[in-house]
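The values are calculated or read from the model by the stated rules, or taken from the named source; none is laboratory data. Keep in mind it's a predicted model, so treat the numbers as computed, not measured. As a convention, Cβ positions derive from the backbone with ideal geometry for all residues, glycine included, and neighbour counts pool all protein chains shown.
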Amino acid sequence: MSTFLPLDAQIPVARTSDKAKVTLVFGIASLLMPVGGLIFLILTFVFAGRARAEIAASNGELTGLRRVKIGVNCAWASIVINVLSIIAILGPAVVNVGANMTP
């Protein structure tokens, strides 16, 4: 019995999930657009869940988990940067208001 494939056999090739690609693009967009990136930030998490489910259901026909992880990491980094920016902008104003109060 031969274990070789016939010459005309089609070897299945895994392709990258389109939702994983969208997750990566939206994650990077949320990182590059500080204020307007909020929409991209939300869409990143929405598409990440859908991409993971699609990849898991494909039984190896789809790849792209690394792109999903990178996109989600970019979104989390965007959250951290935005929170730190808000603290940096509003922090001095809050301190000045407290210093001007007299008992």
| message | Step by step: first the residues of the range 25-75, then only those that are outside any helix (DSSP H, G or I) and hydroxyl-bearing (Ser, Thr, Tyr), then the one that is nearest to the chain's Cα centre (by Cα). Which residue is that? | response | THR63
| remark: Considering the range 14-50, residues that are of a type in the set (D, E, K, R) and modelled with pLDDT of 95 or more, and then whichever is farthest from ALA75 (Cα to Cα), we arrive at ASP18
| request: Looking for whichever is part of a loop (DSSP other than H, G, I, E, B), surrounded by fewer than 19 Cβ atoms within 10 Å (Cβ to Cβ) and out of contact with any Ser or Thr (no Cβ under 7 Å at 6 or more places or on another chain) here; the options are VAL83, VAL13. Which one fits? | output: VAL13
| task | Provide a single number: the residues in the range 27-61 that are touching a Ser or Thr at 6+ places or on another chain (Cβ under 9 Å), within 20 Å of VAL13 (Cα to Cα) and touching a residue at least 40 places away in the same chain (Cβ under 8 Å). | result | 1
| In the range 62-72, is there at least one residue being surrounded by fewer than 21 Cβ atoms within 10 Å (Cβ to Cβ), in contact with a Ser or Thr (Cβ under 6 Å, 6 or more places away or on another chain), under 27 Å from VAL13 (Cβ atoms) and of a type in the set (A, V, I, L, M)? | yes
| Subset tally (residues that are surrounded by 15 or more Cβ atoms within 10 Å (Cβ to Cβ) and farther than 16 Å from PHE26 by Cβ) for the range 50-61 | 1
